[in-house]
């Protein structure tokens, strides 16, 4: 996949978000939803233990940065990003 993402459907974009985050944060549980460039992401991982919100969010944004790059990026905005440990998730 190159720099041109415009042909990605919402389903493809959600799948790409999940795959990138799962690769970047092994063992996490990731859920994503949305379309039209706006997405919500929830990630549950032990890797978040002891980290502040900014550090946890940076881990996720770093994983999907290529999906947010460029004028025709499939992800224009993450409207909601929830990053919790399994204990916090309940």
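The values are calculated or read from the model by the stated rules, or taken from the named source; none is laboratory data. Keep in mind that this is a model prediction, so the values were computed, not measured. FYI the Cβ positions are ideal-geometry reconstructions off the backbone, even for glycines, and counts take in every protein chain you see.
The lone criterion from (1) in contact (Cβ under 8 Å) with a residue 24 or more places away in the chain; (2) not in a strand (DSSP E or B) left unmet by residue 19 is number (1).
Scan segment 7-26 and tell me whether some residue there is on the phi > 0 side of the Ramachandran plot and either modelled with pLDDT of 95 or more or touching a strand residue (DSSP E or B) at 6+ places or on another chain (Cβ under 7 Å) (or both). The answer is no, given that none of the residues of segment 7-26 is on the phi > 0 side of the Ramachandran plot and either modelled with pLDDT of 95 or more or touching a strand residue (DSSP E or B) at 6+ places or on another chain (Cβ under 7 Å) (or both). If the condition is being touching a residue at least 24 places away in the same chain (Cβ under 8 Å) and either out of contact with any strand residue (DSSP E or B) (no Cβ under 9 Å at 6 or more places or on another chain) or over 19 Å from residue 13 (Cβ atoms) (or both), then segment 30-56 contributes 35, 36, 44, 45, 46, 48, 49, 53, 56.
Scoring residue 30 on the criteria (1) part of a helix (DSSP H, G or I); (2) surrounded by 18 or more Cβ atoms within 10 Å (Cβ to Cβ) leaves a single failure, condition (1).
In segment 69-80, which residue that is surrounded by 16 or more Cβ atoms within 10 Å (Cβ to Cβ) and part of a loop (DSSP other than H, G, I, E, B) is farthest from the chain's Cα centre (by Cα)?
First pass over segment 69-80, keeping only residues surrounded by 16 or more Cβ atoms within 10 Å (Cβ to Cβ): 73-75, 78.
Narrowing further to those that are part of a loop (DSSP other than H, G, I, E, B): 73-75.
Working: 73: 14, 74: 12, 75: 10 Å.
So the residue we want is 73.
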